[in-house]
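Here's the structure, in structure tokens; my notes come after.
The values are calculated or read from the model by the stated rules, or taken from the named source; none is laboratory data. Model, not experiment: these values are computed from the prediction. Ideal geometry is used to build each Cβ from the backbone, glycine not excepted, and the neighbour counts take in all protein chains shown. Accessible surface is based on the protein model in full, side chains and every heavy atom, while ligands, DNA and RNA are left aside. Shrake-Rupley method; radii C 1.70, N 1.55, O 1.52, S 1.80 Å.
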Amino acid sequence: MPQYNFDTIFLGNFMDVDINEGDQDAENAANLLGSYTDIPKVSLTVNDVNDDGILYDNEIGPSEAITYDAGSGSTFSTLDSSLEYSVIVTRGDGTTYNATAITYQFVNGDVFVLGDILEGESVQAIELVSVVKSDYGGASASDKSFTFDIVCLTSGTLIQTSDGQKPVEAIKPGDMVETLTDGYQSLLMLGSQTCRPTEKTAAITFEHGSLGNGLPVRTLRVSPQHRILMSSPIARRMVGSDNALTAAKNLVDLPGIKREETQDTVTYWHMLFSRHQVIRANGVWVESLLIAPMSLKALPAISRMKISGLRHALDTERMGEPVFPILKGAQIKNYVRRSALNSKPLVGPVKNSSAERVTQRTRAA
């Protein structure tokens, strides 16, 4: 039985907002509206009894034990209701910003705001302004299940940082990570998800050298939707840029590239910067998290809430814009075919030029 640990902000103990356990709605969600200033951070430990990566409330699924210490010693409870609020957050320096936040009430009445809503910063106060939604089923939010149309790297993937290569799971917000077009950039958020492998979630494995030019330098494992940088004059003739991105699943069954068949669970990690970036993973340039509607929907509630809390640090004008063109369907098949006909590797010498990004933005505009 796996355990999950994540940080929260403790608001206090309150009367039950879900007075009718016969339906999924928390009828008195508005009772929690107001300002909170004595808000310590508290770490929760969740026991996922059925190993499905979801924390259900008590009207939807099995009761799953949650343990924590909110100042009164070790406490055990289970989830009673999960809600979403519009909030105003006051940072430690007194500045404020608007966000949305997922909030839990446990059966003992304790209420928590999920996640470390300011990565690396203190929170002085939080005001719950209005109820956005009061009938969520738990950590998976409205769709009751995690989806994996999200770009992720597996544990152990080596990322190039200003301090050398680090396993992705060891990188922290604020660490400087090498990007192709913008030099070293500060990581805003590192999120993770653990799942059982299915056709949609099983990792795609790239063996050493499978992309050409000795890349990757060691086996690379990514989620099916994670985009890999293709680099070649062939790409320029196709999309006007030497650099283009394609989902890992589009390359399955090429030599050295396969979908894993193991039944072991896999933990994926997603990395967020102020805008879409291409970073170096096991020597291969791959994308960071692209903030677009579909990728946001695929994230668990805790990551969506964290991103909402980080909007002050995002390049809101460009955050949903891919750093390079994306090759799909017939395009990537054509790229692979032409690369083989011309005896060219899928990934040739990569041009490190911020002008490429500027050109793509101009063309998109």
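Quick notes
- The order of the peptides 83-93, 159-169, 225-235, 243-253 by mean Cβ neighbours within 10 Å, most packed first, is 225-235, 243-253, 83-93, 159-169.
- Other residues whose C-beta falls under 9 angstrom from the C-beta of residue 231 contribute a net charge of 0, scoring Lys and Arg +1 and Asp and Glu -1.
- FRET efficiency for residue 172 and residue 207, using Cβ-Cβ distance with R0 set to 22 Å, rounded to 0.05: 0.15
- Carbon plus sulfur fraction of accessible area for segment 64-110, probe 1.4 Å, in percent: 48
- Theoretical gain in end-to-end length, residue 196 to residue 265 [0.36 nm per residue, Cα-Cα removed]: 24.4 nm
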